[in-house]
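All of the numbers you see were taken from the coordinates with simple rules; none came from a lab. Just so it is clear, the structure is predicted and the values come from calculations on it, not from any experiment. Here Cβ is always computed from backbone atoms with ideal geometry, including for glycine, and neighbour counts include all displayed protein chains.
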Number of protein chains: 2
Amino acid sequence: MSATTHIALGPAPDPLLTEAVVRGGAVVSPLDEADALVWAGGVEDFPRSLPDRLTWVQLPAAGVEDWFDAHLIPEDSPITWTSAADAFSATVAEHALTLLLAGVRALPAHLAATTWSQQELFHQVGTLRGTTVAVVGAGGIGKALIPMLAALGANTIAINRSGSPVPGAIETLPTNRLNEVWSRADHFVLAAPATTATYHLVGEKELAQMKPGAWVVNVARGSLVDTDALVCALRDHAISGAGLDVTDPEPLPDGHPLWTLPNVIVTPHDSNPPAVRPPAYAEHVALNVARFVAGEPLAARIDPVVGY
Amino acid sequence: MSATTHIALGPAPDPLLTEAVVRGGAVVSPLDEADALVWAGGVEDFPRSLPDRLTWVQLPAAGVEDWFDAHLIPEDSPITWTSAADAFSATVAEHALTLLLAGVRALPAHLAATTWSQQELFHQVGTLRGTTVAVVGAGGIGKALIPMLAALGANTIAINRSGSPVPGAIETLPTNRLNEVWSRADHFVLAAPATTATYHLVGEKELAQMKPGAWVVNVARGSLVDTDALVCALRDHAISGAGLDVTDPEPLPDGHPLWTLPNVIVTPHDSNPPAVRPPAYAEHVALNVARFVAGEPLAARIDPVVGY
C-alpha cells in the first residue's frame, strides 16, 4: 500500500498548478489535510500559522525576503521551504544578457538618433566577444547566464560564497576575493541575493576600479548598488553604463537622474514578466512535487538561517 | 627546396596584416611578384588589372557586391576570390541577437519611459525561450547565430538554397519553400546575400502572414525588405517591430518614418564596427594564407557566377 501525497494550493486553486501537482504524482487537498503547500500568491495572504502535519512549503518568488521580513520563516522551522528561484532563472538571465548586449552595442544612443549618425556611433559599438564578464552570485540566474555568455564568445568569472568551481566559468572566486574582480572584468552582472552581506556591494570604491568601458547590469536587488555612487560614476563617464532591472529606491521616483542619464537602461523590475511566469512556475512545481513524492531533495531550497 | 609563397598587401602595407601573412607561413611581396593579393581597402582603389601570376585575391568585406558592380570579378575569372564573410560572422550575429532581444524585451519602450511604468511595460516584455526563429540565409552569419539562439532556448528554422540540414537548426528549408516560414516562425533574422533573388524577399504579402508578435531583424542588405510595406505593417501593428542594421534607401534619409516609429530600432550599418574589424580580418587572413600555402581549400570563396 503506497501512501498518497496531498498538496494544498493557495491562496486559491489554479488550473495550471493543479495539473502540475497531478503531473508530479500527488493530489490536491485542503490545507489541513495536506503534506505540503504550494503557494501562488503574495506574502500578505500567506497563512500566519501552518498545520503541524505540513513538511514542505513552495513559495512562488525567486527572492523571498518578503517572507523573512514578515517573520514567516523562523530559523528553526521544521518545514522545508523552497523558492521559485530555478523556475525563472533562464528568463532573468535572458534579461541580463539583453541589458548587457544593448549596452555594449550602444542601443540607447542608437534609439535616440533620428539621423544616420554612423561616424558618431561607430566608435561606441563594441562586442562581448573576447570580453570577461564577472557574474556576481552564481545561483540559478548566474548559472543560466554563463552558457549564454559562452555562446557569444565571452568569458565568465563567477563569484560565489565557497569559490567552488562553477561549470562554464573560466574562473570562480569566493566572495572574500570579490575585491579582485572590479579591475579585472570588462563587465559585471549582479545576480546575488539581497542580504546584509551584499548591501552596497557596488559602491564608490568598486566603481572607481572598473574599466571605463564597463557596463554594470543588476537583475538582483537594488540594494546591491549604492545608487548615488553609481549616478556619479555614470555622470563622470568613469564607466560606460548601467542596465538596471532593480533600483534603490524602488520604484525609482520620477525625476531621478537615472531616468535621463543617456548611458542607463532602466527596466521596472520586469525581467520576469507575468506572461512568462505561470507556465515556468508550474513547470518548477511539477518537478518539485515529483521529487517530494519520491523523497528526493527539493530544488531551490531556502536556508532559514542565511535568509535566502 | 620548398617554394616561398608571396603575398601582396594593398592598398598599403599594414602591421596587423603583415603579421598575419607571416603567421600564415608566407612573405609579403610587391604585387607584380606576388602569388596572391590581400586587400584591405575599398573598391575605388582596387587595381583595374591584376598580374597573370596571381591566383588568389582576398577581399576585406563580407558582402562584395561593390566588386561585382564594378565588373572586377568576371564570371570566367581564373583567380580564386575570397571574401571576409567568415571573419565578421560572429560579430554580425551578435548584433542580430542584440536587436532581436531588445525587440522581444521591449527596450525601445523602456528607454522612452521616464517613470516606473510597470503596468504599461509588463505585458510588452516577452522571451525568446521556446520561440521559433527563422534564420533566412544560413551562411556564416546565420550559422554563427544558431548556437547563440540555442543557448537562449529558441529553436531555429534555417533557410538555405539547398535545404541541406544546417547544424543546430530544428529544421532546414530550401529557398523554394520559403513561403511556408512566414506564418510558422515567431521572429525572423535576414542574413542572406543581396541578389536579384533576394530583392524584396520580405514584402506586403510576407508581412501579412507573420504573427502579430513578430520581430523582423535585418543584418544583411536593405534591398531584402520592401521598406514601404514594412512601414505600413509597423504603423498598423501587424507585426511587433523591426531591428534594422541595413535600410533601403541607405543611408536612411532624415525625416524617414523608420526614425520615429516607436517599434523600430535602426543601427546605421554598424553591426561590424571598425574597432572590431581589423583584428577579426587579420585572423581570417592568417587562416586563409595558411590554407593557401598548404594548397587547401580557402574559406569564404566567392562564386563569380552566383555573385557572392
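Points worth noting:
- Taking every alpha-carbon pair under 8 Å whose residues sit at least 6 apart, chain B reaches a relative contact order of 19 percent.
- Summarising the strand pairing of the protein assembly as shown, around 5 percent of its internal DSSP beta bridges are antiparallel.
- Entry note, the range B:104-243: relative contact order of 19 percent, from Cα contacts under 8 Å with a spacing of 6+ residues.
- Relative contact order of the range A:77-178, defined on C-alpha pairs under 8 angstrom at six or more residues apart (%): 23 percent
- Phi to ³J(HN,Hα) by Karplus 6.51 cos²θ - 1.76 cosθ + 1.60 over the range B:190-200, Hz, x for Gly, Pro: 8, 9, 9, x, 7, 9, 5, 6, 9, 5, 6
- Antiparallel beta bridges, as assigned by DSSP with both residues in chain A, represent about 5 percent of the total such bridges.
- When only the Cβ of Lys, Arg, Asp and Glu is charged (+1, +1, -1, -1), the dipole of the protein assembly as shown relative to its Cα centre reaches about 900 debye.
- 5 angstrom amide H check on B:Ile7, placed H, neighbours 5+ away: B:Val27, B:Val28, B:Ser29, B:Asp35
- Ranking of A:Ser117, B:Ser89 by count of other Cβ atoms within 10 Å, fewest first: A:Ser117, B:Ser89
- Computing FRET efficiency as 1/(1 + (r/R0)^6) for B:Asp228 and B:Glu44, where r is the C-beta to C-beta distance and R0 is 25 Å, gives about 0.20.
- Taking every DSSP helix (H) stretch of at least 4 residues in the protein assembly as shown, weighting each as -39,500 (n - 2.57) and dividing the sum by the residue count yields a mean residue ellipticity at 222 nm of -8500 deg cm²/dmol.
- Among B:Ser164, B:Pro15, B:Val306 the positive-end extreme of the charge dipole of chain B (Cβ point charges): B:Ser164
- Sequence-distant aspartates and glutamates (8 or more away, or on other chains) whose Cα lies within less than 14 Å of B:Lys143: B:Asp86, B:Glu94, B:Glu171
- Shortest-first distances to equivalent copies, position A:Pro274, nm, label 7 Å out along Cβ: 4.8
- A:Pro262 sits among other residues whose Cβ lies under 14 Å from its own Cβ, and their net charge, with Lys and Arg +1 and Asp and Glu -1, is -1.
- Gained length - B:Ala275 relative to B:Thr196, 0.36 nm times residue gap less alpha-carbon distance: 25.3 nm
- When chain A is turned onto chain B, the axis of that turn runs closest to one Cβ of chain A, and that residue with its distance in whole Å is A:Ala151, 2.
- In a reduced charge model with +1 at each Lys and Arg Cβ and -1 at each Asp and Glu Cβ, chain A shows a dipole moment near 1020 debye about its Cα centre.
- Dipole in debye (nearest 20) - the range B:89-266, about Cα centre, beta carbon charges: Lys, Arg +1; Asp, Glu -1: 500 debye
- Anisotropy class of chain B from Cα gyration tensor, a/c 1.5 cut: prolate
- Remark: label point of A:Glu75 defined 7 Å out from Cα along the Cα-Cβ vector; separations to the same position in other copies 8.5 nm, ascending.
- In Hz, Karplus ³J(HN,Hα) per residue of the range B:39-45 (6.51, -1.76, 1.60; θ = phi - 60°; x = Gly, Pro): 9, 10, x, x, 6, 5, 8
- The residue among B:Gly137, A:Gly103, A:Ala229 whose Cα reaches farthest toward the positive pole of the charge dipole of the protein assembly as shown, with charges on the beta-carbon of Lys, Arg, Asp and Glu, is B:Gly137.
- Spin-label model, A:Glu19 to B:Lys211: label points 7 Å out along the Cα-to-beta-carbon direction sit 1.7 nm apart.
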